[in-house]
Each structure stands twice: as C-alpha cells, then as structure tokens.
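Quick one: the structure is below, and I'll ask about it shortly.
Here, each number is a calculation from the coordinates, and none is a lab measurement. None of the values given here were measured: they were computed from a predicted structure. Here the Cβ positions follow ideal geometry from the backbone for every residue, glycine too, while neighbour counts run over all protein chains shown.
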Amino acid sequence: MLFRCLLLGLLCLLASPAHASAVPAAGRLAVCHAVTTLDAPDATGRTLPFACAGKPQRYQSASLWLRIDPRPTAHGGGTTALLIHNTRFDRMLVMFDYADGTTETQRVRSGAFGDHWRPGAQIAFRPQDGKARLLRITLRIDRLNSYPLLRMRLLDAGEADIETTILAGLIGAALTLLLTGALYNLTLATGVRRQYLAWQGAWAGSVFLWGTVWSQFGLLVAPGLAGTVAAQLSTAISVLSIPFAALSITTALAPGMAPRLLKRAALALGAAVLLIGIPAALVRGPVLESLAPLLSITVLGTLLCAMLCLAFGLRRGSPEARDLLGAWSIPSAALALTQIVDIGSSLWGGGPQILVLFASAWQTIWLSIAASRRLARLRTERDVARAAEARASELAGRDPLTGIRNRRGFVDALEALMLATDAEGAPLALLLIDIDRFKRINDEHGHEAGDVVLCAIASRLARWEGPMCTVARLGGEEFAMMVAHLSGQALIGFADHVRQEIAACDHRAVIGAQQVTISIGVAEAGKRDDFTGLYRDADRALYAAKRGGRNRVSHAAAGDAQVPAAGGQAPAATGLGNQRVG
C-alpha cells in the first residue's frame, strides 16, 4: 500500500500547478518585504519601510519589494550570484547597493529574460562590481503570483557556474531519454497496434515538453516564453500528462483484468483533471491557490483508480500490470526522498523537478524495454508456431512410410512445375510407376517385408528428385515422377533407365533372391492439359504396360508404343480394361 501511495504522490507532484515545493523566501535568506502600487518609481525602494516579520499581503496586483542582507551568506569577498526560481510575474528589478555608495541595476520581464535565464527554471543576477563590498540587494517584483512559491539563493559565482553546467547536462540527458522513449513507444504502438503503448508515448512526450519548458531550454528557440507564459504552459502540460498516464494504465490491462467500472472512474477523473487544470494554468492570484487543492484531490482520485486497476491486474496475472508497477519503483523511491528531506533548492538548484524528470525518464525507458522484451517473446513464439505449422504442412505432404511426397504434396509441387514449364515452353511428362506383383510379396513374406521393399524403391526414386523432377508415392505400391525438359525418345529412354535401376535393387535381406520389377506409364503434357487429364493418359499407358507383360515402359501417345524388359519384344497395343493387373 505504501508503494502505491508513493506512486500516486509522484504524479501529484508532477501535476502541481507550480511544480515546486513551497519554500518561503525568508526560509534561507534574511529577507524583509514591502508592497507598493505598480506606478511607484524604482527609486522608492530606498525609502520604503520594510517589514522583516510575517508575510506580505495584497501583492498579486501590486509591486512586491524584497530586501536581502547578503552578509550572512557572504563568500569571503568573492562575487555573489543571486538565483531566483522562475514563477509567474510581470517584471523583476534587482538593485545591488555597494559600500562605496554606488548602485547597480539589472532587469528582466516576462517574455524577455535576456542572458539572465539558467537551466532548471532559474534566473541569475550577478553583480558586476567585484571591488566594492556588497551591502544589500533590493528586488522589485511586479504582480508576483505567489510569494510562498518564490525560491531564492545566494551562491558564489563560481559555484553557480558549476551548478549550471551540471544541471544542464542532467536535464539534457533526461530530456533525451524521454524523447527517445516517446518516439520509440509511439513507433512501437503503430507497428504492433497496442493502444497502451501509444498513450505511454503520449505520456513521455508530454513530460518531455514539460521538461523542455520548465528547464527553460525552450527559450533557445522561443525566448518570448520566458516568465509567466512558461510557468502557465508548464502547468497546462503537467495536468495533460495525468490523463495520459491513466489511459496508459487502464488500456494496458486486457478485458477482465480489472473491473470495468474502476477503469471508467479513472478515465472520468482524468477528464476532470483537465477541466480543473487548464483554468488553473491560466488564472493568477488567489484563484490559483483555491484551485490547487481541488486539482490535487482530482489527480489523486484519478491515479488511485488507475493503481487499483493495476492491483487487480497483478492479482489476475497481467504481465502489463507487473511491468507498470516495476516501472514506478525508482520514481516512488525518489518521491519518498522528497517527502523526507527538503530538497526545494538542492540538486544543483533543480529541486524536486529534476527528480521528477529523471523518474519519468526511468519509467519510460523501463516500459519501453519491458514492452520490447515481451514483444520479442511473442515474436519468438510466433516464429516457433510458424515453423511448427510449416513442419506440419510439410509432413502433411509427405508419405509417413517412405518419406517422399504423398499425393497431396505431389499435386502441390506439380502445379508449380507445370506453371514454370508452361511459361518457358518446356516439355513436361508424368511417369506412373507400379510395382509388379506386389501382392505376392506381402502374401509370401509379410507386410513388414513389403514395407521394406517400398522404402527401398522410394529411396532409389528419390535420387532423381530435383528442380526438374518430382517424385511421390501416390498410395499402395504406386509411385509417380513428374519430369521436365524431356520428351519423345529421350523421355522413354529416361523412363526405361528408371525401370532398370529399380530392377537392380537388392532385396535379398527381406525377400531372398526374388527380383522386384516395375511397370511405367508415360504421358506427355500438352499445352491445354491439366493434371487430371495427364494422370488419365499416364494411367492408361500403365495399364498397357501391365497387359503387355509387365516390367516395361508404355507411352500414352501414338498407339501406346512400349519398351519391354531387356531381351523382350514389344507386343502390339491391346484394348484396355478397367482393372489394373498387379
């Protein structure tokens, strides 16, 4: 339960209107305050009655004056830098008063920070007169939105430069990770059509935009965003990220993994975050402070519902729920640190925002890796399934006894071969092969011996298997060969060579000295022939070979010319019955 509460708190921190802990200006500096009208001259600051206790009142539509005594934070005579974290204001004036009676003035206004902006939503003011002792610093801030959210620090100038360099590197790395994660998740969502990855990419993209605006790196391309516009835009983007997070969590869970009512509640509250957060991003003054608690409660409700969805999904074995909870482990630890230790101006001035930025980058990269790992497993399973399917399809086209193609596999291969030869204009022929008196082998020596004979003949026929020849066992003792690029006497000669090779097979181990011979019917394919017609012609020729005395080749064309066994005579063609002789 503590883990989930930490998770909710992290997102609440990201969605808070100011993206900062409330650290009063007087918490670390000796600060006195005064309030005047906006039309008061800048020189008024020297004669104002500053109050050094309590908090200023009614300053949101006026000019707030702050006087800082730099002596408690003096750096041994070195140059001092004043760092102010950006918040909503119209104009800021900083006056450095020196012991020699001189005053140095530096100004910024909303939309024009000049060279005073620094990474991490900071504005830097550095006195240029390093010889005279600095007596006091006076600030004038017109229409400041919230004094409790104003954070200021005095640092040695060299230390401030080091902080700026470190913070710029850290923010740049985090933004790079977030942008990479956002693009990767969006690309992955498009490729695998998973909705939650798209919302996760939108979450990462919104945090990237928030980080770009909050850190003020966006001023490199749009300097007019400086000040109030940047603060308001940061708030708007942050509240937009909450519905994206809720959508990512709820859509990651498959139907049935979480109650539908709970999912709908999370989405409805996410919409409420937008309805409250967008006005909170636009308004200024006390209205913002009244909207902030309501916004925080709505964000908390949104994420509480989303986390309950994950809890249900985790209990029901959802891997997506496990990945989402794992992604938030480091962010939760970071949030715990911010709740235990005041880091408002720590971490090189980045404060809790830099932790949020890196926590979000961690969350995005974690989920990207988890999604990639899961998809890799799915791809592996798919490849294994496809390989198994291919093997099953291959086995379905193979004769289980002999290992060569069966009728189904032969027809499939035959169609491709017929198309190829037809395109080339090459001749194509079918050889039907039948073992002579095979029933006698089974009767005298048993079916096991018959199977051995079938396998031996199939093995010998398989030697001719290749691009121009396909071999199969059509059933029982009948085999077939489809031969390309042979016709006429060359084809008959090839068929007779096959007959002789089969007759030369040694079967003495199973049937003794008995010779096994075959009869072959040959039919050449015409331009308009299909397999059925070709088979019918070859079968008719095979009958002729059987009737003619077996152990011979019979050609279906021109009177069924026959090639007898060596030394025999080819009998004349005879009428064919409808029963095959063994």
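Give the calculated FRET efficiency between Ala40 and Arg264 to the nearest 0.05, with a Förster radius of 51 Å applied to their Cβ-Cβ distance.
For Ala40 and Arg264, the calculated efficiency is 0.40.
In whole Å and largest first, what semi-axes does the C-alpha gyration tensor of region 125-245 yield when each eigenvalue is scaled by 5 and square-rooted?
Working from the Cα gyration tensor, I get semi-axes of 38, 18, 11 Å.
With each label point set 7 Å from Cα along the Cα-Cβ vector, what nm distance links Leu401 and Arg322?
Placing both labels 7 Å along Cα→Cβ, they lie 5.0 nm apart.
Give, as ranges by residue number, the residues of region 146-185 whose backbone N falls under 15 Å from the point 7 Å along Cα→Cβ of Arg379.
What the label zone holds, given the 15 Å backbone N cut-off, is 184-185.
Between Leu135 and residues 5 or more places away or on another chain, which pairs have amide H atoms under 5 Å apart, with H built 1.01 Å from N, and which residues are they?
Asp97, Tyr98, Ala99
For region 145-221 and region 385-417, write down the distance between their C-alpha centroids in whole Å.
58 Å
Ranked highest first by the average count of other Cβ atoms within 10 Å around their residues, in what order do 268-278, 381-391, 236-246 fall?
Working: 268-278: 18.3, 381-391: 10.1, 236-246: 25.0.
Packing proxy ranking, top to bottom: 236-246, 268-278, 381-391.
Residue-wise, which Karplus ³J(HN,Hα) couplings in Hz belong to region 268-279, taking 6.51 cos²θ - 1.76 cosθ + 1.60, θ = phi - 60°, and x for glycine or proline?
Residue by residue, region 268-279 yields 5, 5, x, 5, 5, 4, 5, 5, 8, x, 5, x Hz.
Averaged over all directions, how much area does the convex hull of the C-alpha atoms of region 91-142 cover when projected, in nm²?
For the Cα atoms of region 91-142, the hull's average projected area reads 3.9 nm².
So who's got an amide H within less than 5 Å of the one on Ser146, skipping anything under 5 residues away but keeping other chains? H placed 1.01 Å off N, in plane.
Correct list: Arg88.
May I ask you to derive the FRET efficiency for Arg540 and Asp506 from their Cβ-Cβ distance with R0 = 25 Å, giving the value to the nearest 0.05?
0.20
I would also like to ask the following. Please give the contour-minus-distance gain from Ile162 to Asp69: 0.36 nm per residue of separation, less the Cα-Cα distance, rounded to one decimal in nm. Provide the component values of the computation, followed by the final result.
Values: separation 93, 0.36 × 93 = 33.48 nm, distance 2.40 nm.
Extra length from Ile162 to Asp69 when fully extended: 31.1 nm.
Separate question: Could you rank the peptides 201-208, 188-195, 59-66, 43-50 by their average count of other C-beta atoms within 10 Å per residue, with the highest value first? Could the numbers behind the result be given before it?
Details: 201-208: 25.9, 188-195: 14.2, 59-66: 20.9, 43-50: 12.1.
Going from most to least packed, we get 201-208, 59-66, 188-195, 43-50.
Moving on to the next point. Going 7 Å from the Cα of Ala490 in the Cα-to-Cβ direction, what parts of region 389-425 have a backbone nitrogen less than 20 Å from that spot?
Within reach of a label on Ala490, which here means backbone N under 20 Å from a point 7 Å along Cα→Cβ, region 389-425 contributes 417-425.
Further, regarding this structure: For a Förster distance of 45 Å, can you work out the FRET efficiency between the beta-carbons of Thr47 and Ser290, rounded to the nearest 0.05?
0.80
Now for a different question. For a bin width of 5 Å, list the pair-distance distribution of region 177-312 built from all Cα-Cα distances, rounded to whole %.
Cα pair-distance distribution for region 177-312, in percent: 2, 11, 17, 18, 18, 16, 10, 5, 2, 1.
Moving to a separate point now. Please list, short to long, the whole-number percent of alpha-carbon pairs of region 410-475 in consecutive 5 angstrom bins beginning at zero.
Taking all Cα pairs of region 410-475, the binned fractions are 3, 14, 22, 19, 14, 11, 9, 5, 3, 1 percent.
If you plug each phi of region 411-422 into the Karplus form 6.51 cos²θ - 1.76 cosθ + 1.60 with θ = phi - 60°, what whole-Hz ³J(HN,Hα) values come out, in order, with x for Gly and Pro?
Going residue by residue, I get 5, 4, 5, 5, 4, 5, 5, 5, 5, 5, 5, 5 Hz, with x marking Gly and Pro.
Taking the C-alpha atoms of region 450-546, how large are the radius of gyration and the largest Cα-Cα span, Dmax, in Å?
My reading of the Cα-based Rg and Dmax gives 14.0, 47 Å.
Right, here's the next one. If every alpha-carbon in region 104-185 counts as one equal scatterer, what log10 I(q)/I(0) does Debye give at q = 0.12, 0.13 1/Å?
Evaluating at q = 0.12, 0.13 Å⁻¹ gives log10 I(q)/I(0) of -0.52, -0.60.
Another question, then. Just subtract the alpha-carbon distance of Ile278 and Ala423 from 0.36 nm times their residue separation and send over the number in nm, one decimal.
So the extension gain works out to 45.3 nm.
Also, quick follow-up: Can you work out ³J(HN,Hα) from phi for every residue in region 434-449, in order, using Karplus 6.51 cos²θ - 1.76 cosθ + 1.60 and θ = phi - 60°, giving whole Hz and x for Gly and Pro?
In residue order, the calculated couplings are 10, 6, 6, 6, 5, 4, 5, 5, 5, 5, 7, 10, x, 5, 5, 5 Hz.
When the label point is put 7 Å from the Cα of Arg440 along its Cα-to-beta-carbon vector, which residues of region 533-555 have a backbone N closer than 17 Å?
The answer is 546-552.
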